[in-house]
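The values are calculated or read from the model by the stated rules, or taken from the named source; none is laboratory data. All figures in this text were calculated on a predicted structure; none of them were measured in a lab. Note: ideal-geometry Cβ built from the backbone for every residue, glycine included; neighbour counts use all protein chains shown.
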Amino acid sequence: MKNSRRSRRKGTLAFLIPMVVFVVIVIFAIAYAFGPQQGTIVIRAVYGTEELHVTATLNGQQVQTPYNATVTQGYYNVVFPPLQWYVAPPAHALTLGSGKTAYAVGVYTAAKVAVGVTPGGFNQTAVGALHGVTPVAWVNTGTQDVVVVVSGVGSVDLVPGQSHSVVFAAAGVYGFHILDTSITGTVTVY
């Protein structure tokens, strides 16, 4: 009697152990197939070929660029911050799939500084710019021709409606004036 019970238990165990292992494998397979999958998000901020280091937001969380992380698949929103001297790129909406990589590259552009010019003067006489980045434009907003002299550049003849832009290569203070007048201004280049 004891031997037959023992062999029935062995037979039951021999059946149950593979069944339990099979059920566990099926549960893990289902969890893997239908559970949250991961992908990679890459966030960069650039100006031309230059990498910028900014604090962007990824679904409301601040991240430093360049940023690269493995995250759960889903929808993400990346917002790039404003920077002095630059125009910020628009926000990026990303859809990240399982095992995929989604990129958000914020391309910044230079913010232009415009100085209005008429024969009677300038609309602003002190402006700032970032060397190698910020274009400073003198725009003839009047109805007569005007000659503006910019240090390091020379004389610029402007007919009504015309403009002339300069990107200063080096930091310093650059003067400008209307030819044959005492009307002056400065550009401080950082």
Please go through (1) touching a strand residue (DSSP E or B) at 6+ places or on another chain (Cβ under 6 Å); (2) hydrophobic (A, V, I, L, M, F, W, C); (3) surrounded by 17 or more Cβ atoms within 10 Å (Cβ to Cβ) for Leu130 and return the number of the only condition it doesn't satisfy. (1)
State whether one or more residues within segment 137-159 are acidic (Asp, Glu) and either within 29 Å of the chain's Cα centre (by Cα) or part of a strand (DSSP E or B) (or both). yes
Selected residue (criterion: nearest to Gly161 (Cα to Cα)) from residues of segment 110-124 that are polar (S, T, N, Q) and surrounded by fewer than 14 Cβ atoms within 10 Å (Cβ to Cβ): Asn123
For Val156, which of the numbered conditions (1) outside the structural domain of Val54 (by TED's automatic domain parsing); (2) within 30 Å of Leu58 (Cβ to Cβ) fails to hold? (2)
The correct count of residues that are of a type in the set (Gly, Ala, Ser), in a loop (DSSP other than H, G, I, E, B) and modelled with pLDDT of 95 or more in segment 105-131 is 1
When segment 86-109 is checked residue by residue, the ones that are surrounded by 18 or more Cβ atoms within 10 Å (Cβ to Cβ) and either in contact with a helix residue (DSSP H, G or I) (Cβ under 6 Å, 6 or more places away or on another chain) or in contact (Cβ under 8 Å) with a residue 60 or more places away in the chain (or both) are Ala102, Ala104, Gly106, Tyr108
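The rows are residues; the columns are (1) in a strand (DSSP E or B); (2) within 18 Å of Gly39 (Cα to Cα); (3) not small (Gly, Ala, Ser).
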| position | (1), (2), (3) |
| --- | --- |
| Glu51 | yes, no, yes |
| Val71 | yes, yes, yes |
| Val78 | yes, yes, yes |
| Pro89 | no, no, yes |
| Tyr103 | yes, yes, yes |
Taking the condition of being of a type in the set (A, V, I, L, M) and under 29 Å from the mean Cα position of the chain (by Cα), how many residues in segment 112-127 meet it? 4
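Here is a yes/no grid of residues against (1) out of contact with any Asp or Glu (no Cβ under 6 Å at 6 or more places or on another chain); (2) more than 30 Å from Asn68 (Cβ to Cβ):
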{"position": "Ala93", "(1), (2)": "yes, no"}
{"position": "Leu96", "(1), (2)": "yes, no"}
{"position": "Tyr103", "(1), (2)": "yes, no"}
{"position": "Gln124", "(1), (2)": "yes, yes"}
{"position": "Asn140", "(1), (2)": "yes, yes"}
{"position": "Val147", "(1), (2)": "no, yes"}
{"position": "Ser155", "(1), (2)": "yes, yes"}
{"position": "Ala169", "(1), (2)": "yes, yes"}
{"position": "Gly185", "(1), (2)": "yes, yes"}
Hey, could you check segment 35-62 for residues that are among the small types (Gly, Ala, Ser) and under 14 Å from Thr109 (Cα atoms) and say which is surrounded by the most Cβ atoms within 10 Å (Cβ to Cβ)? Ala45
Which of the following residues is of a type outside the set (Ser, Thr, Tyr), more than 13 Å from Thr118 (Cα to Cα), surrounded by fewer than 19 Cβ atoms within 10 Å (Cβ to Cβ) and at pLDDT below 95: Gly152, Gly172? Gly152
